[in-house]
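The values are calculated or read from the model by the stated rules, or taken from the named source; none is laboratory data. Just so you know, these numbers come straight off a predicted model, no measurement behind them. All Cβ positions, glycine included, derive from the backbone under ideal geometry; neighbour counts span all protein chains shown.
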Amino acid sequence: MGTVLSPAQYILWCLGFPLEAAVVVCSIRGGSFFRYFSLNLFMIGTFAISAGRFLTHLHYGFGSSEYLYFYYYSEALGIILLYFSVVSLFLRVFQEMHASKYVRGLAIAVLLTTAFVSYLIVRQSASHLTDRFVVELTQNLYFVGLLLIYPLWGAVLKLRETPTRITLFVLSLGIFFSAHAVVYGLRYMFPSLGIYKLIPPILGMWLPLSWLYTFTFAREDSRSTPAHEESLCAPVRIKEINKVHEVPQS
């Protein structure tokens, strides 16, 4: 990391605070806070992490060891919260498929396995074990999230109808994890490019923006019928279902 933030980084950083808060406020106003508790918990955690990073930056500086420690540990906490958000969407989708009984236990097992594998990878460097473990765990969980989101999207495509909000949440997470995978790959191939400093805050704004749109414009009782194309970005046709005006069959 550099020692000084650019004006663009400051602007992106400051824009994230109201967006993250707006998602939770909109969810509460719409009566959806507990229905999507894991997603809201992630957004609250993201807001707290952003505030903590900003305060750490003000007190110690962007390039300080204190900021680096806080950044990587908070990044690990954030991806763990996001992981459980993905799991909660798995539960909702598999409830629609009547197959959610073992999803929670399997998800916890995957998380523990990922942590154990990360520990095995870094245990030879005992002097920096904790720091390297946090970084390795974060990268591995991003990779696991990417692997999980595609089967989840496949399950959404398999259903004849899915709640529109669930469809949009899964789609936004798929774009998020895919973008992170591309960034990690490009960073390893072209480590000298300075544009990477702007990509994390831009990606950080994607989920609040997309989730704010979902809570604001997607009705809870609306359902979507996905087109049957095996693509993460398959077009989705929204079909509103208003149960009040349903005509009962005789």
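Tallying residues that are over 12 Å from the mean Cα position of the chain (by Cα) and not hydrophobic (A, V, I, L, M, F, W, C) within region 77-95 yields 2. Of the candidates T114, T162, the single residue that is modelled with pLDDT under 75 and either out of contact with any Gly (no Cβ under 8 Å at 6 or more places or on another chain) or crowded, with 19+ Cβ neighbours inside 10 Å (or both) is T114.
Yes/no per residue for (1) over 30 Å from F116 (Cα atoms); (2) surrounded by fewer than 19 Cβ atoms within 10 Å (Cβ to Cβ):
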{"residue": "Y142", "(1), (2)": "no, no"}
{"residue": "V156", "(1), (2)": "yes, no"}
{"residue": "L171", "(1), (2)": "no, no"}
{"residue": "V182", "(1), (2)": "no, yes"}
{"residue": "S192", "(1), (2)": "yes, yes"}
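Summed over region 4-41, the residues that are in contact (Cβ under 8 Å) with a residue 60 or more places away in the chain and either farther than 21 Å from R165 by Cα or in a helix (DSSP H, G or I) (or both) give a count of 14. Only one entry in S178, S210, S224, S172 is modelled with pLDDT of 75 or more and assigned to a strand (DSSP E or B), namely S224. In the set T46, T56, only one residue is among the β-branched types (V, I, T), out of contact with any Phe, Trp or Tyr (no Cβ under 8 Å at 6 or more places or on another chain), crowded, with 17+ Cβ neighbours inside 10 Å and touching a residue at least 12 places away in the same chain (Cβ under 8 Å); that residue is T46.
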